[in-house]
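What follows is a single structure, written as structure tokens, with notes after it.
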Amino acid sequence: MKNNKNSVFIISAPSGSGKTTLIDLLLSENPSLLFSISHTTRPPRPGERDGVEYFFVNEKQFEQMIREDRFLEWAEVHGHFYGTSREMLNQAEQDKRDLILDIDVQGAALVRQKMPEAISIFILPPSYSALKMRLLSRQKDSQEVMLKRLENARKEILRYSEFDYIIINDDLQSASKSLSSIIHSSNSLREKQTERIESILKSFEKGE
């Protein structure tokens, strides 16, 4: 029997912390999860596909969606706009699937205001030097952009206390197991098992 209430998981981290890799592993092991594909005005990176990693739109289209109140949250990050569509939340509710939100700390704060029941997870790198090395090794950004990401990371990690769970990504396998454990433990929440609990209670009433 399916749970009658889906959960919303917010996953945030400084750029370069390994968040995308951890989410990819989580989704590959848990196909029932629904990943919320964000809209963004930044250009696609090599290999990225529209409607897969992101919905890529221009600023005019993004601003139109803001006016139409089509975003659950949106923010400007590293000079580009990112937003979570309300349609993704509606789809998860209709399908009774748990929803994974990959958003920055600004967006996470906005979602928690609107959905205090959402479960928030923050991924920390083991150190500043480790984060810098990861950003250098992936060779995706210019020196200027990388320095901006590091400066933003200094500010973002100070907001760790706003989140329900903290995962320190010093070992990918261990961090992946921790993330999966958090997701799976949500299935034991009382409100997610209402239908099953009611069925069990009725069986006791009937003595069957």
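So here's what we get for this one:
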{"read-out": "For the chain, alpha-carbon Rg and Dmax in angstrom", "value": "18.7, 70"}
{"read-out": "Sum of side-chain charges, residue 41 neighbourhood, beta-carbon under 10 Å (Lys, Arg +1; Asp, Glu -1)", "value": "-1"}
{"read-out": "5 angstrom amide H check on residue 85, placed H, neighbours 5+ away", "value": "39, 72"}
{"read-out": "Nitroxide proxy distance, nm - points 7 Å out along Cα→Cβ at residue 177 and residue 32", "value": "2.3"}
{"read-out": "17 Å Cα-Cα reach of residue 148 towards aspartates and glutamates, excluding residues that sit fewer than 8 places from it in its own chain", "value": "76, 104, 156"}
{"read-out": "Residue 199-residue 66 pseudo-label distance in nm [points 7 Å out on the Cα-to-Cβ vector]", "value": "4.6"}
{"read-out": "Zone of residue 80's modelled label, taken as backbone nitrogen in the range 102-123 under 19 Å from a point 7 Å along Cα→Cβ", "value": "102-108"}
{"read-out": "Distance (nanometres) between label positions extended 7 Å along Cα→Cβ at residue 159 and residue 208", "value": "5.2"}
{"read-out": "³J(HN,Hα) computed for each position of the range 70-78 - Karplus, 6.51 cos²θ - 1.76 cosθ + 1.60, integer Hz, glycine/proline x", "value": "8, 9, 6, 7, 7, 7, 9, 10, 6"}
{"read-out": "Theoretical FRET efficiency, 1/(1+(r/R0)^6), r = Cβ-Cβ of residue 128 and residue 56, R0 35 Å, to 0.05", "value": "0.65"}
{"read-out": "Amide H partners (placed H, <5 Å) of residue 104, local residues excluded", "value": "none"}
{"read-out": "Set of aspartates and glutamates near residue 192 by C-alpha distance (under 17 Å), chain-local residues within fewer than 8 positions excluded", "value": "93, 95, 98, 117"}
{"read-out": "DSSP beta bridge pairing in the range 1-153, given as percent antiparallel to the nearest 5", "value": "40"}
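No value in this document is a laboratory result; all are computed from the given coordinates. Here the structure is a predicted model, which means the values were calculated and not measured. Heads up, the Cβs are rebuilt from the backbone with ideal geometry, glycines too, and the neighbour counts pull from every protein chain shown.
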